[in-house]
Amino acid sequence: MIVILKQNPQQAQVDRLVAWLNEQGYGTNVSVGKQETIIGLIGDMSNVDMDLIRSLEVVDDVKRISEPYKNANRKFHTDDSVIDAGGVKIGGGHFQVIAGPCSVESREQVKEIAKCVKAAGATLLRGGAFTPRTSPYSFQGLREEGINILLEAKAETGLPIVTEIMDASHLPLFADVDVIQVGARNMQNFELLRALGEAGKPILLKRGLANTLQELLMSAEYIMASGNPNVILCERGIRTFETATRNTLDLSAVPVLHRLSHLPVIVDPSHATGESWLVKPTSVASAAIGADGIMLEVHNDPPHALCDGAQALTCEAFFDVMGAVTAVRSAVFSAEE
Ligand code: PEP
Ligand code: MN
């Protein structure tokens with residue numbers, strides 16, 4: 001981190017600032033140029049209060065020259081992380097497709113969808129048991145029963161399961177869940193992230209509706225700093241001024257996150273676009289841009305879905321998307337693999 005001083009500071013001011021910074025525990029390296037005096041800070045910068053330093057009278061600006069996340073940072077872990085999600089590897093060239101309904105609605109519904117997505121080539125089964133809904137009057141999910149239904153589908157198909165947690169107090173119910181999802185609305189629920197850090201299971205961390213990539217990585221950092229390195233990042237669209245799609249898919253997040261971090265990055269084209277006809281082109285694009293996987297909502301009867309029917313693929317449409325994604329992956333990556 002560097003502290004840039006206002007022009008022509010008095011030596012006494014510089015000395016006082018250096019003494020104060022040293023008192024705070026930072027080493028200092030003062031560089032006096034023709035135009036500017038700059039103080040380089042040395043040491044662990046993860047807790048620096050940049051606004052406080054910036055508010056000091058002699059200071060013009062403060063800039064970070066390294067990122068505030070250590071565990072998630074590619075600088076300290078140059079190889080891609082490969083995460084074992086219930087026996088299925090994600091990251092480092094391992095591409096996975098997570099598919100299933102938005103919400104678990106019934107045993108029959110989940111079993112039918114699970115069979116279909118498995119036959120089409122999905123490698124993990126998703127389904128919301130605790131479902132975050134904008135309205136308290138909408139279907140809220142089957143909760144514990146929903147998790148049990150997913151576990152039955154796992155036993156029948158062999159597909160590991162991914163389902164969302166909304167409160168750390170529910171963790172005991174997730175004991176046999178393979179991947180715990182943190183939804184967009186909880187990306188910065190720091191107490192939940194900390195509890196998941198202690199839980200040790202793979203965590204699928206979705207980007208918040210209005211969060212930067214740095215904020216997403218800082219949330220991953222919460223989980224990792226609490227002892228759990230198994231974090232999968234998920235781009236699921238962000239809120240912008242555009243209203244033509246449910247959210248705006250930030251596809252460039254994939255290569256940016258890959259550059260900044262060693263963690264696997266997947267894309268959720270269903271929530272990003274909100275409409276089933278947009279899921280195929282965005283899935284293909286996600287695969288081509290180098291995502292480590294995609295997560296798609298599939299329903300056996302979309303017009304009667306209790307949640308997110310408009311973005312749900314039918315089983316037939318899911319087969320079609322899988323074919324296109326597989327073809328694009330082999331066209332783009334076969335030479336590299
Ligand atoms: C989901 O994947 O079920 C979900 C609710 O998505 P998001 O948190 O991205 O809105
Ligand atoms: Mn949904």
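The values are calculated or read from the model by the stated rules, or taken from the named source; none is laboratory data. Because the structure is a prediction, the values reported are computed rather than measured. Positions of Cβ are backbone-derived with ideal geometry, glycine not excepted, and every protein chain shown enters the neighbour counts. The area values use the complete protein model at the heavy-atom level, side chains included, leaving out ligands, DNA and RNA. Shrake-Rupley method; radii C 1.70, N 1.55, O 1.52, S 1.80 Å.
Roll a 1.4 Å probe over the protein chains and send me the accessible area per residue for the chain in Å².
Here the residues of the chain average 45 Å² of exposed surface.
Distance check, please: which entries in Lys89/Lys201; Lys154/Lys280; Lys111/Lys154 exceed 18 angstrom between their Cα atoms?
Lys154/Lys280
Starting from the Cα gyration tensor of segment 202-332, multiply each eigenvalue by 5, take the square root, and state the resulting semi-axes largest first in whole Å.
Gyration-tensor ellipsoid for segment 202-332: 25, 17, 14 Å.
Please state the charge dipole magnitude for segment 118-166, taken about the Cα centre, from unit charges on C-beta atoms (+1 on K and R, -1 on D and E), reported in debye and rounded to the nearest 20.
Magnitude of the dipole: close to 160 debye.
Under the √(5λ) rule applied to the eigenvalues of the Cα gyration tensor, what semi-axes describe the equivalent ellipsoid of segment 2-63? Give them in Å, descending.
18, 12, 11
Could you work out the helix-only [θ] at 222 nm for the chain, with each DSSP H run of four or more residues adding -39,500 (n - 2.57) and the total divided by the number of residues, to the nearest 500 deg cm²/dmol?
-10000 deg cm²/dmol
Under the Cβ-under-4.7 Å rule, which cysteines of the chain stay unpaired?
Lone cysteines by the Cβ rule: Cys234.
Using only Cα atoms and rounding to the nearest 10 degrees, what angle (0 to 90) does helix 144-157 make with the longest principal axis of the chain?
70 degrees
Over the Cα atoms of segment 132-269, each weighted equally, I'd like the Debye log10 I(q)/I(0) at q = 0.10 Å⁻¹, rounded to two decimals.
At q = 0.10 Å⁻¹ the computed log10 ratios are -0.34.
How far is helix 190-199 tilted off the main Cα axis of the chain, in degrees rounded to 10, range 0 to 90?
For 190-199 against the chain, the angle is about 70 degrees.
Using alpha carbon coordinates only, what is the Rg to Rh ratio of segment 263-337, with Rh defined as the Kirkwood radius?
1.01
Using the C-alpha gyration tensor of the chain, what are the square roots of 5 times its eigenvalues, in whole angstrom, with the largest one first?
44, 21, 18
Order Asp178, Asp49, Asp268, Asp61 by their accessible area, 1.4 angstrom probe, all chains in place, largest first.
These residues rank, largest area first, as Asp49, Asp61, Asp178, Asp268.
Which angle from 0 to 90°, rounded to the nearest 10, does the C-alpha axis of helix 213-225 make with the longest principal axis of the chain?
So the inclination is approximately 90 degrees.
Taking just the alpha carbons, could you work out the radius of gyration and Dmax for segment 24-127, both in angstroms?
Rg then Dmax for segment 24-127, in Å: 25.0, 75.
With the alpha-carbon atoms as the only input, what is the per residue convex hull volume for segment 60-218 in Å³?
139 Å³
Please enumerate, by chain and number, the lysines with C-alpha under 30 Å from the C-alpha of Lys63, excluding those fewer than 8 residues away in the same chain.
List returned: Lys6, Lys34, Lys75, Lys206.
Of the heavy-atom accessible surface of segment 100-143 (probe 1.4 angstrom), what whole percent is carbon and sulfur?
51 percent
Taking all protein chains in place and a 1.4 Å probe, what share, in percent, of the accessible surface of segment 174-269 do carbon and sulfur account for?
Accessible surface attributable to carbon and sulfur in segment 174-269 totals 52 percent.
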